[in-house]
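Written below as C-alpha coordinates is the structure these notes are about.
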Amino acid sequence: MALINYLMMKDIEQKLKKEAKALFEQSKVDYIIGFEPGSLKFTTTPLITRDKHDVDRLVINSFTVNNLANFLTEIKGRVGIVAKGCDSRSIVSLIQDNKVARENVVIMGVPCTGIIDLSKVEKLTGKDRDKLDDMNRERDKVIVTVDSKTSEFSITEVLFDNCLGCELPTPQEHDILLGESTSPVADNSVSQEKIDQLKSVTQEQRWDFWKNEFSRCIRCYACRNVCPACFCERCFVEETEPQWLMPLPRWQDNLMFQVIRNIHVAGRCTDCGECERACPVNIPLRSLTKEMYDIVGELFHFKAGMDKGAAPLMTHYEQEEIEGVFR
Ligand code: SF4
Ligand code: SF4
Ligand code: SF4
(Lines give C-alpha, C1' and ligand atoms only; values in the text may rest on other atoms or scores of the structure.)
(Ligands and ions follow the chains in the order given, each with its own letter.)
Protein backbone atom coordinates (compact mmCIF):
# COMPACT_ATOMS: atom_id res chain seq x y z
CA MET A 1 0.00 0.00 0.00
CA ALA A 2 2.85 2.36 0.83
CA LEU A 3 4.08 1.51 -2.63
CA ILE A 4 0.73 2.56 -4.16
CA ASN A 5 0.95 5.98 -2.52
CA TYR A 6 4.58 6.34 -3.58
CA LEU A 7 3.67 5.48 -7.17
CA MET A 8 0.78 7.97 -7.12
CA MET A 9 3.12 10.76 -5.99
CA LYS A 10 5.73 9.71 -8.55
CA ASP A 11 3.08 9.73 -11.26
CA ILE A 12 2.07 13.29 -10.33
CA GLU A 13 5.73 14.29 -10.24
CA GLN A 14 6.37 12.86 -13.73
CA LYS A 15 3.33 14.67 -15.12
CA LEU A 16 4.51 17.88 -13.50
CA LYS A 17 7.97 17.62 -15.10
CA LYS A 18 6.42 16.94 -18.50
CA GLU A 19 3.96 19.83 -18.25
CA ALA A 20 6.56 22.26 -16.90
CA LYS A 21 8.99 21.38 -19.70
CA ALA A 22 6.23 21.85 -22.29
CA LEU A 23 5.38 25.28 -20.86
CA PHE A 24 9.00 26.39 -21.32
CA GLU A 25 9.30 24.83 -24.80
CA GLN A 26 6.08 26.47 -25.98
CA SER A 27 7.27 29.81 -24.48
CA LYS A 28 4.11 30.01 -22.37
CA VAL A 29 6.02 30.95 -19.21
CA ASP A 30 9.21 32.76 -18.23
CA TYR A 31 9.52 31.05 -14.84
CA ILE A 32 8.52 27.85 -13.12
CA ILE A 33 7.94 27.87 -9.37
CA GLY A 34 7.82 24.47 -7.68
CA PHE A 35 9.60 22.37 -5.06
CA GLU A 36 12.95 20.59 -5.13
CA PRO A 37 14.48 18.32 -2.48
CA GLY A 38 15.68 20.22 0.59
CA SER A 39 19.18 19.90 2.02
CA LEU A 40 17.83 18.06 5.09
CA LYS A 41 15.96 14.74 5.24
CA PHE A 42 12.18 14.91 4.72
CA THR A 43 12.24 18.50 3.51
CA THR A 44 11.68 20.36 0.25
CA THR A 45 12.64 23.86 -0.72
CA PRO A 46 11.09 26.24 -3.28
CA LEU A 47 12.61 26.06 -6.77
CA ILE A 48 12.27 29.18 -8.93
CA THR A 49 13.84 28.82 -12.34
CA ARG A 50 14.00 30.11 -15.92
CA ASP A 51 15.97 27.09 -17.08
CA LYS A 52 14.05 24.16 -18.58
CA HIS A 53 16.78 21.73 -17.49
CA ASP A 54 16.00 22.50 -13.82
CA VAL A 55 12.55 21.02 -14.30
CA ASP A 56 14.02 17.55 -13.67
CA ARG A 57 14.69 18.65 -10.07
CA LEU A 58 11.00 19.19 -9.30
CA VAL A 59 9.46 16.94 -6.64
CA ILE A 60 6.01 16.25 -5.22
CA ASN A 61 5.77 14.51 -1.86
CA SER A 62 4.29 14.83 1.65
CA PHE A 63 6.80 17.53 2.66
CA THR A 64 5.94 20.33 0.22
CA VAL A 65 5.10 22.78 2.99
CA ASN A 66 5.56 26.23 1.45
CA ASN A 67 2.69 28.23 0.03
CA LEU A 68 4.40 29.19 -3.24
CA ALA A 69 1.79 31.86 -4.02
CA ASN A 70 3.93 34.06 -1.79
CA PHE A 71 6.51 34.44 -4.59
CA LEU A 72 4.08 35.59 -7.27
CA THR A 73 4.08 39.24 -6.23
CA GLU A 74 7.90 39.32 -6.41
CA ILE A 75 8.29 37.95 -9.94
CA LYS A 76 7.79 39.93 -13.13
CA GLY A 77 6.74 37.82 -16.10
CA ARG A 78 4.60 34.78 -16.86
CA VAL A 79 4.83 32.05 -14.27
CA GLY A 80 3.97 28.36 -14.16
CA ILE A 81 3.33 27.58 -10.51
CA VAL A 82 2.78 24.37 -8.55
CA ALA A 83 -0.22 24.81 -6.27
CA LYS A 84 -1.88 22.68 -3.61
CA GLY A 85 -5.51 23.42 -2.67
CA CYS A 86 -4.72 26.19 -0.18
CA ASP A 87 -2.04 27.70 -2.44
CA SER A 88 -4.45 27.93 -5.37
CA ARG A 89 -6.90 29.86 -3.19
CA SER A 90 -4.11 32.24 -2.18
CA ILE A 91 -3.39 32.80 -5.88
CA VAL A 92 -7.07 33.57 -6.52
CA SER A 93 -7.05 35.97 -3.57
CA LEU A 94 -4.05 37.79 -5.08
CA ILE A 95 -5.92 37.97 -8.41
CA GLN A 96 -8.92 39.49 -6.59
CA ASP A 97 -6.62 42.13 -5.11
CA ASN A 98 -5.09 42.92 -8.54
CA LYS A 99 -1.69 41.79 -7.29
CA VAL A 100 -1.44 39.04 -9.90
CA ALA A 101 -2.86 38.96 -13.43
CA ARG A 102 -4.65 35.67 -14.16
CA GLU A 103 -3.28 35.60 -17.73
CA ASN A 104 0.29 35.68 -16.39
CA VAL A 105 -0.10 32.53 -14.31
CA VAL A 106 -0.36 28.89 -15.31
CA ILE A 107 -1.57 26.99 -12.24
CA MET A 108 -0.36 23.39 -12.11
CA GLY A 109 -2.70 21.98 -9.46
CA VAL A 110 -1.65 19.18 -7.14
CA PRO A 111 -4.56 17.30 -5.53
CA CYS A 112 -3.25 17.35 -1.99
CA THR A 113 -3.32 14.56 0.59
CA GLY A 114 -1.90 16.73 3.40
CA ILE A 115 1.55 17.65 4.61
CA ILE A 116 3.41 15.79 7.37
CA ASP A 117 4.32 17.88 10.41
CA LEU A 118 7.81 16.67 11.36
CA SER A 119 7.58 18.12 14.86
CA LYS A 120 4.58 15.83 15.54
CA VAL A 121 6.55 12.83 14.23
CA GLU A 122 9.49 13.80 16.47
CA LYS A 123 7.21 13.91 19.52
CA LEU A 124 5.62 10.54 18.72
CA THR A 125 8.91 8.74 18.05
CA GLY A 126 11.00 10.59 20.62
CA LYS A 127 13.66 11.07 17.93
CA ASP A 128 14.99 14.12 16.13
CA ARG A 129 14.12 14.23 12.45
CA ASP A 130 17.70 13.51 11.39
CA LYS A 131 17.58 10.23 13.36
CA LEU A 132 14.55 8.98 11.39
CA ASP A 133 15.52 6.52 8.64
CA ASP A 134 12.42 6.52 6.45
CA MET A 135 8.88 7.86 6.31
CA ASN A 136 6.10 6.82 3.93
CA ARG A 137 2.49 7.80 3.52
CA GLU A 138 0.03 4.94 3.07
CA ARG A 139 -3.51 6.29 2.61
CA ASP A 140 -4.63 7.12 6.20
CA LYS A 141 -1.36 6.10 7.83
CA VAL A 142 2.25 7.22 7.95
CA ILE A 143 4.90 4.55 8.42
CA VAL A 144 8.09 5.66 10.11
CA THR A 145 11.27 3.59 10.30
CA VAL A 146 13.78 4.23 13.09
CA ASP A 147 16.71 1.91 13.85
CA SER A 148 15.22 -0.74 11.51
CA LYS A 149 11.94 -0.74 13.46
CA THR A 150 8.74 0.49 11.80
CA SER A 151 5.87 2.28 13.54
CA GLU A 152 2.50 3.21 12.05
CA PHE A 153 0.74 6.44 12.89
CA SER A 154 -2.68 7.63 11.84
CA ILE A 155 -2.61 10.77 9.65
CA THR A 156 -4.68 12.51 12.35
CA GLU A 157 -1.58 12.22 14.55
CA VAL A 158 1.01 13.50 12.08
CA LEU A 159 -0.46 15.92 9.53
CA PHE A 160 -0.38 19.67 10.17
CA ASP A 161 -3.50 20.85 12.04
CA ASN A 162 -4.57 23.01 9.09
CA CYS A 163 -4.32 20.02 6.73
CA LEU A 164 -6.53 18.00 9.08
CA GLY A 165 -9.15 20.75 8.80
CA CYS A 166 -8.64 21.48 5.10
CA GLU A 167 -11.92 21.93 3.26
CA LEU A 168 -10.60 22.06 -0.31
CA PRO A 169 -7.44 19.98 -0.84
CA THR A 170 -7.96 19.85 -4.60
CA PRO A 171 -7.07 23.17 -6.25
CA GLN A 172 -10.32 24.84 -7.31
CA GLU A 173 -8.58 27.15 -9.77
CA HIS A 174 -6.12 25.43 -12.09
CA ASP A 175 -5.01 25.25 -15.69
CA ILE A 176 -3.57 21.76 -15.39
CA LEU A 177 -4.66 19.24 -12.74
CA LEU A 178 -1.84 16.78 -12.12
CA GLY A 179 -3.91 13.96 -10.60
CA GLU A 180 -7.33 12.86 -9.48
CA SER A 181 -9.28 14.98 -6.97
CA THR A 182 -8.68 14.25 -3.29
CA SER A 183 -11.13 14.49 -0.38
CA PRO A 184 -10.78 16.29 2.95
CA VAL A 185 -9.70 14.24 5.97
CA ALA A 186 -12.82 12.46 7.29
CA ASP A 187 -12.33 13.40 10.97
CA ASN A 188 -11.29 17.04 11.25
CA SER A 189 -11.90 17.39 15.00
CA VAL A 190 -8.16 17.28 15.83
CA SER A 191 -7.57 20.38 13.71
CA GLN A 192 -9.74 22.44 16.08
CA GLU A 193 -8.51 20.99 19.39
CA LYS A 194 -6.02 23.75 20.30
CA ILE A 195 -8.45 26.47 19.23
CA ASP A 196 -11.42 25.01 21.08
CA GLN A 197 -9.34 24.52 24.20
CA LEU A 198 -8.42 28.20 24.16
CA LYS A 199 -12.03 29.23 23.59
CA SER A 200 -13.19 27.16 26.56
CA VAL A 201 -11.20 29.15 29.17
CA THR A 202 -12.12 32.51 30.73
CA GLN A 203 -11.18 35.81 29.07
CA GLU A 204 -8.61 36.44 31.82
CA GLN A 205 -7.00 33.05 31.27
CA ARG A 206 -6.95 33.66 27.52
CA TRP A 207 -5.36 37.05 28.02
CA ASP A 208 -2.68 35.50 30.24
CA PHE A 209 -2.12 32.79 27.64
CA TRP A 210 -1.46 35.27 24.84
CA LYS A 211 0.56 37.55 27.10
CA ASN A 212 2.80 34.60 27.85
CA GLU A 213 2.98 33.49 24.20
CA PHE A 214 3.79 36.95 22.84
CA SER A 215 6.42 37.49 25.53
CA ARG A 216 8.39 34.87 23.54
CA CYS A 217 7.95 36.59 20.16
CA ILE A 218 11.28 37.88 18.83
CA ARG A 219 9.57 39.99 16.12
CA CYS A 220 11.48 38.24 13.34
CA TYR A 221 8.49 38.76 10.99
CA ALA A 222 8.82 35.23 9.57
CA CYS A 223 5.04 34.85 9.99
CA ARG A 224 4.48 37.94 7.83
CA ASN A 225 7.16 37.13 5.29
CA VAL A 226 5.85 33.65 4.43
CA CYS A 227 2.25 34.81 4.15
CA PRO A 228 0.90 35.39 0.62
CA ALA A 229 -1.88 37.56 2.10
CA CYS A 230 0.72 39.95 3.62
CA PHE A 231 1.62 41.69 0.37
CA CYS A 232 1.91 45.38 1.35
CA GLU A 233 5.03 47.00 -0.08
CA ARG A 234 5.43 48.86 3.19
CA CYS A 235 4.10 47.08 6.26
CA PHE A 236 2.52 49.19 9.01
CA VAL A 237 5.22 47.97 11.42
CA GLU A 238 7.81 49.93 9.42
CA GLU A 239 5.85 53.20 9.51
CA THR A 240 7.35 55.93 11.65
CA GLU A 241 4.70 58.62 11.12
CA PRO A 242 2.66 57.53 12.91
CA GLN A 243 4.63 54.84 14.65
CA TRP A 244 2.12 52.09 15.25
CA LEU A 245 4.47 49.83 17.19
CA MET A 246 7.67 50.15 19.17
CA PRO A 247 10.51 48.40 17.33
CA LEU A 248 11.47 46.55 20.54
CA PRO A 249 9.76 43.16 20.91
CA ARG A 250 7.71 44.01 24.04
CA TRP A 251 4.81 41.56 24.45
CA GLN A 252 2.22 44.35 24.14
CA ASP A 253 3.61 45.46 20.76
CA ASN A 254 4.06 41.86 19.63
CA LEU A 255 0.43 41.12 20.43
CA MET A 256 -0.71 44.30 18.69
CA PHE A 257 1.34 43.33 15.62
CA GLN A 258 -0.55 40.04 15.33
CA VAL A 259 -3.95 41.59 16.05
CA ILE A 260 -3.49 44.16 13.26
CA ARG A 261 -1.95 41.58 10.90
CA ASN A 262 -4.97 39.33 11.44
CA ILE A 263 -7.34 42.14 10.57
CA HIS A 264 -5.31 42.91 7.42
CA VAL A 265 -5.41 39.29 6.21
CA ALA A 266 -9.09 38.73 7.11
CA GLY A 267 -10.82 37.46 3.97
CA ARG A 268 -7.44 36.73 2.36
CA CYS A 269 -6.16 34.04 4.72
CA THR A 270 -6.72 30.55 3.33
CA ASP A 271 -5.65 28.68 6.50
CA CYS A 272 -2.50 27.48 4.73
CA GLY A 273 -0.77 27.28 8.13
CA GLU A 274 2.48 28.81 6.93
CA CYS A 275 2.68 31.56 9.57
CA GLU A 276 2.46 29.10 12.46
CA ARG A 277 4.90 26.69 10.81
CA ALA A 278 7.46 29.43 10.18
CA CYS A 279 7.42 30.83 13.72
CA PRO A 280 10.79 29.93 15.26
CA VAL A 281 9.42 30.05 18.82
CA ASN A 282 6.28 27.99 18.10
CA ILE A 283 3.62 30.55 18.93
CA PRO A 284 0.26 28.95 18.02
CA LEU A 285 -0.65 31.64 15.49
CA ARG A 286 -3.28 29.46 13.81
CA SER A 287 -5.42 29.87 16.94
CA LEU A 288 -5.78 33.50 15.81
CA THR A 289 -5.83 33.14 12.02
CA LYS A 290 -8.26 30.18 11.89
CA GLU A 291 -10.57 31.92 14.34
CA MET A 292 -10.57 34.98 12.08
CA TYR A 293 -11.14 32.70 9.04
CA ASP A 294 -14.22 31.25 10.76
CA ILE A 295 -15.50 34.67 11.88
CA VAL A 296 -15.22 35.94 8.29
CA GLY A 297 -17.20 32.89 7.14
CA GLU A 298 -19.93 33.38 9.75
CA LEU A 299 -20.29 37.16 9.48
CA PHE A 300 -19.81 37.71 5.76
CA HIS A 301 -20.41 34.23 4.27
CA PHE A 302 -17.05 34.72 2.61
CA LYS A 303 -14.17 32.29 2.05
CA ALA A 304 -10.87 33.54 0.72
CA GLY A 305 -9.83 32.68 -2.82
CA MET A 306 -12.98 30.95 -4.02
CA ASP A 307 -13.95 33.15 -6.95
CA LYS A 308 -11.43 35.19 -8.95
CA GLY A 309 -14.23 37.45 -10.23
CA ALA A 310 -15.49 38.34 -6.74
CA ALA A 311 -14.52 41.59 -5.02
CA PRO A 312 -12.21 41.25 -2.01
CA LEU A 313 -13.86 41.28 1.42
CA MET A 314 -14.97 44.70 2.71
CA THR A 315 -14.28 46.48 -0.56
CA HIS A 316 -17.92 46.59 -1.68
CA TYR A 317 -21.41 46.48 -0.21
CA GLU A 318 -24.90 45.40 -1.24
CA GLN A 319 -27.79 47.89 -1.41
CA GLU A 320 -29.60 46.33 1.56
CA GLU A 321 -26.46 46.51 3.71
CA ILE A 322 -26.37 50.32 3.58
CA GLU A 323 -30.05 50.97 4.24
CA GLY A 324 -30.22 53.03 7.38
CA VAL A 325 -26.46 53.68 7.29
CA PHE A 326 -26.19 56.47 4.66
CA ARG A 327 -28.86 59.18 4.63
S1 SF4 B 1 -4.25 22.97 3.83
FE2 SF4 B 1 -5.15 21.50 2.37
S3 SF4 B 1 -4.33 21.95 0.38
FE4 SF4 B 1 -3.07 23.02 1.91
S5 SF4 B 1 -1.37 21.66 2.27
FE6 SF4 B 1 -2.92 21.16 3.80
S7 SF4 B 1 -4.21 19.56 2.89
FE8 SF4 B 1 -2.96 20.44 1.28
S1 SF4 C 1 7.26 34.38 13.44
FE2 SF4 C 1 6.84 34.15 15.62
S3 SF4 C 1 8.57 35.15 16.61
FE4 SF4 C 1 8.59 35.84 14.49
S5 SF4 C 1 7.38 37.76 14.54
FE6 SF4 C 1 5.97 36.10 14.04
S7 SF4 C 1 5.08 35.53 16.01
FE8 SF4 C 1 6.95 36.67 16.46
S1 SF4 D 1 -2.24 34.29 7.78
FE2 SF4 D 1 -1.03 32.38 7.98
S3 SF4 D 1 -2.51 30.76 7.47
FE4 SF4 D 1 -3.36 32.69 6.70
S5 SF4 D 1 -2.68 32.84 4.55
FE6 SF4 D 1 -1.16 33.91 5.83
S7 SF4 D 1 0.42 32.37 6.26
FE8 SF4 D 1 -1.42 31.27 5.55
field: Most mobile listed residue (PHE300, PHE214, PHE63) in the chain, GNM with C-alpha springs under 10 Å
entry: PHE300
LEU177 paired with LYS21, simple spin-label distance in nm, labels 7 Å along Cα-to-beta-carbon: 2.5
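Give me the extension gain from GLU239 to LYS28: residue separation times 0.36 nm, minus the current Cα-Cα distance, reported in nm with one decimal.
Extra length from GLU239 to LYS28 when fully extended: 72.0 nm.
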- prompt: For the stretch 87-153, what is the convex hull volume of its Cα atoms per residue in Å³?
  reply: 127
task: Give the accessible surface of the chain per residue, rounded to a whole number of Å², with probe radius 1.4 Å and ligands, DNA and RNA excluded.
output: 53
Taking the stretch 244-327 and dividing mean pair separation by its residue count, relative contact order in percent (alpha carbons under 8 Å, at least six apart): 27
- line: Percent antiparallel among DSSP beta bridges confined to the chain, nearest 5, equals 65
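Between THR156 and ASP130, what length comes free when the chain is fully extended (0.36 nm per residue of separation minus the Cα-Cα distance, one decimal in nm)?
Numbers: separation 26, 0.36 × 26 = 9.36 nm, distance 2.24 nm.
Computed gain between THR156 and ASP130 is 7.1 nm.
Given a cut-off of under 8 Å on Cα pairs at least six residues apart, what relative contact order in percent is computed for the stretch 67-148?
Answer for the stretch 67-148 is 22 percent.
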field: Projected label distance in nm at ARG216 and LEU40, using a 7 Å step from Cα toward the beta-carbon
entry: 1.7
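What pairs in LYS21/LYS141; LYS17/LYS99; LYS28/LYS76; LYS17/LYS303; LYS120/LYS149; LYS15/LYS52 have C-alpha atoms more than 22 Å from each other? Walk me through the intermediate numbers first.
Numbers: LYS21/LYS141 33 Å; LYS17/LYS99 27 Å; LYS28/LYS76 14 Å; LYS17/LYS303 32 Å; LYS120/LYS149 18 Å; LYS15/LYS52 15 Å.
Violating the 22 Å limit, Cα to Cα: LYS21/LYS141; LYS17/LYS99; LYS17/LYS303.
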- prompt: Scattering from the C-alpha atoms of the stretch 83-232 alone, worked out with Debye: what is log10 I(q)/I(0) at q = 0.08 1/Å?
  reply: -0.33
- line: With a ≥ b ≥ c from the Cα gyration tensor eigenvalues, square-rooted, and the rule rounded for a/c under 1.5, otherwise prolate when a/b > b/c and oblate otherwise, the chain is oblate
- prompt: What trypsin sites (Lys or Arg not before Pro) does the stretch 129-233 have in DSSP loop regions with at most 14 other beta carbons within 10 Å?
  reply: ARG139, ARG216
- request: Using a 1.4 Å probe over the heavy atoms of the protein chains, calculate the carbon and sulfur portion of the accessible area of the chain as a whole percent.
  value: 51
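The values are calculated or read from the model by the stated rules, or taken from the named source; none is laboratory data. Because the structure is a prediction, the values reported are computed rather than measured. Note: ideal-geometry Cβ built from the backbone for every residue, glycine included; neighbour counts use all protein chains shown. These area figures cover heavy atoms from the full protein model, side chains too; ligands, DNA and RNA do not enter into them. Shrake-Rupley method; radii C 1.70, N 1.55, O 1.52, S 1.80 Å.
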